[in-house]
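K.L.:
Structure incoming, see below.
Read-outs throughout are calculated quantities, based only on the coordinates presented, and are distinct from any laboratory measurement. Model, not experiment: these values are computed from the prediction. Counting neighbours? That spans all protein chains shown, and the Cβs are built from the backbone with ideal geometry, glycine included.
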Amino acid sequence: MAWHFFLLSLPLFGIVLAGYLIAYWRHWQLRWTQIASRLAFSIALPAMMFHMMSHMAPLPPVDARLLIAFFGSCLIVFAAGRWLAARWFHLDSVSQSVFALGGVFSNNGFLGLPLARLILGPQAVPSVALVLTFNALILWTLLTISVEWARHAAPNLRGFGRMLLNVLLNPLVASILSGFAFGLSGLQLPRVIDAPLGVVADLAAPGSLLVLGMGLRQYGIRRDLQQSLTICFLKLLVQPLVVWLLAALLGLPAMETSVVVLLASLSVGANVYLMSQQFETLQGTIASSLVLSTALAAITTPLLLTLVIALQ
């Protein structure tokens, strides 16, 4: 499994390296990196989310226990991450939210589905698809609410309304919700819109990794290393152990348990870095935690999954 993980991760590191080398060019300007980040966050990523949600295939039969186990672990570890960020590192509320997201948002798109198919077999694909369907909707909305609450929370109806409006106007949340609603309507986008939208959506993932590489050039991998390692600890060990415990308490079947532990044990998702850029906090910390967690997961993920399968 470690070899499969390495092969799947290799293109990720290649694109990150390309971004690093681009930013290393002596004529490259910092504002160009900032422009690339805004384009990725405001255009490419929302296009990908809308395109994905609006093309949802009929969902596999929903086992509520699977969703409760996975996203229950996300909520628990997110809360723990915010507490650690405040107590140990004395970060402000917005930084706490981004720090906590790094501990729960996995690189499921690049690694989760291919690894599940390779290691657990095709019977694992419906469970992975179910988690992927709700992953962005729940976790991006959770982060946005957490940040907006930190910025605008007020003990009155007007303050709550302002917070809710800012959440709904966030480009990612808006694209996810509108795409989800469009998908449920059963309508289809006209070809003249769907084709170019798909092209832009396909640029989101490599674009995020390129921007990450540019960020590594700017901030370096050693910046705030203690914070980065703490995020890796939450993501690679704490979350999979919490989801495993919840799966056992809920009586989740063996296959579904293996799937949620695998997904929870994967490295930090590249899009978390775009969120750190958007909120202008912890860019260096998130960039280094993504690279470090991807390398470390090649060891921790196979060990955790082997242990889970052996004890079932």
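K.L.:
Suppose each label sits 7 Å from its Cα in the direction of the beta carbon; what would the Gln312-Ser178 distance come out to in nanometres?
P.N.:
Between Gln312 and Ser178, the label points sit 4.1 nm apart.
K.L.:
What FRET efficiency comes out for the pair Arg38/Leu241, r = Cβ-Cβ distance, R0 = 25 Å, nearest 0.05?
P.N.:
Working: r = 37 Å, r/R0 = 1.48.
For Arg38 and Leu241, the calculated efficiency is 0.10.
K.L.:
When N counts the residues of the chain, how does its alpha-carbon radius of gyration compare numerically with 2.2 N^0.38 Å, as a ratio?
P.N.:
Taking N as the residue count of the chain, the ratio is 0.97.
K.L.:
For the chain, what is the charge dipole size about the Cα centre, in debye to the nearest 20, if Lys and Arg each add +1 at the Cβ and Asp and Glu each add -1 at the Cβ? Can you show the working numbers first?
P.N.:
On the way: 15 positive and 8 negative charges, 118 e Å.
Approximately 560 debye in magnitude.
K.L.:
Another question about this same structure. If the chain between His27 and Leu303 were fully stretched, how many nm would it gain, using 0.36 nm times the residue separation less the Cα-Cα distance?
P.N.:
Working: separation 276, 0.36 × 276 = 99.36 nm, distance 4.45 nm.
That works out to 94.9 nm of additional length.
K.L.:
Over the alpha carbons of region 232-312, what is the largest minus smallest coordinate on each principal axis, giving the biggest first in Å?
P.N.:
Principal extents (largest minus smallest coordinate, Cα): 43, 24, 16 Å.
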